[in-house]
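The values are calculated or read from the model by the stated rules, or taken from the named source; none is laboratory data. Given the structure is predicted, the values throughout are model-derived calculations rather than measurements. Methodologically, a virtual Cβ is constructed for each residue, glycine included, from the backbone with ideal geometry; neighbour enumeration extends over all protein chains shown. Remember, those area values only see protein heavy atoms, side chains included, never the ligands or the DNA or RNA. Shrake-Rupley method; radii C 1.70, N 1.55, O 1.52, S 1.80 Å.
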Amino acid sequence: MGKHEKLLLKILSGSSDRNIGFDDLCSFLERMGFREYTRSSHHMFRKEGVEEKINLQREGNNAKPYQVKQVRNVIQKYGLGGLSDV
């Protein structure tokens, strides 16, 4: 199992939202086909067919826990968690 598959499982489990690395989450979203736009400290991600905008900010080296939850909800809502997407 690769790095991105492990991160997907960690996100979907919801048990360690405080321990998801910011850079890891950004590269994970890009690998899933999201495009990144940066404005100041805000990193916004969009993907065709996904209505929600994902807006991430750093909290130290990690992503903010509530934003990891938002990513999890988008993955689940749109069925983006398949290993073929990672």
Tell me the net charge near His42. Cut-off is 14 Å between Cβ atoms, His42 excluded, with +1 for each Lys or Arg and -1 for each Asp or Glu. +3
Given H placed 1.01 Å from N in the peptide plane, which residues other than close sequence neighbours of Ile20 have an amide H under 5 Å from its amide H? Ala63
If each of Arg58 and Asp23 carries a label point 7 Å out from its Cα toward its Cβ, how far apart are those two points in nm? 1.0 nm
Taking the chain and counting helices only, DSSP H stretches of n ≥ 4 at -39,500 (n - 2.57) each over all residues, the nearest-500 ellipticity at 222 nm comes to -12500 deg cm²/dmol
About its Cα centre, what dipole magnitude does the chain give when the only charges are +1 on Lys and Arg Cβ and -1 on Asp and Glu Cβ, stated in debye to the nearest 20? 160 debye
Sum up the charges of everything whose Cβ sits under 13 Å from the Cβ of Glu59, counting Lys and Arg as +1 and Asp and Glu as -1, but leave Glu59 out. +1
HN-Hα J in Hz across the range 32-37 - Karplus 6.51, -1.76, 1.60, θ = phi - 60°, x for Gly and Pro: 7, x, 7, 9, 9, 10
Starting from the residue with the highest accessible area, list Tyr37, Tyr66 in decreasing order, probe 1.4 Å. Tyr66, Tyr37
Nearest-10 value in Å² for the accessible area of Lys77, using the 1.4 Å probe: 120 Å²
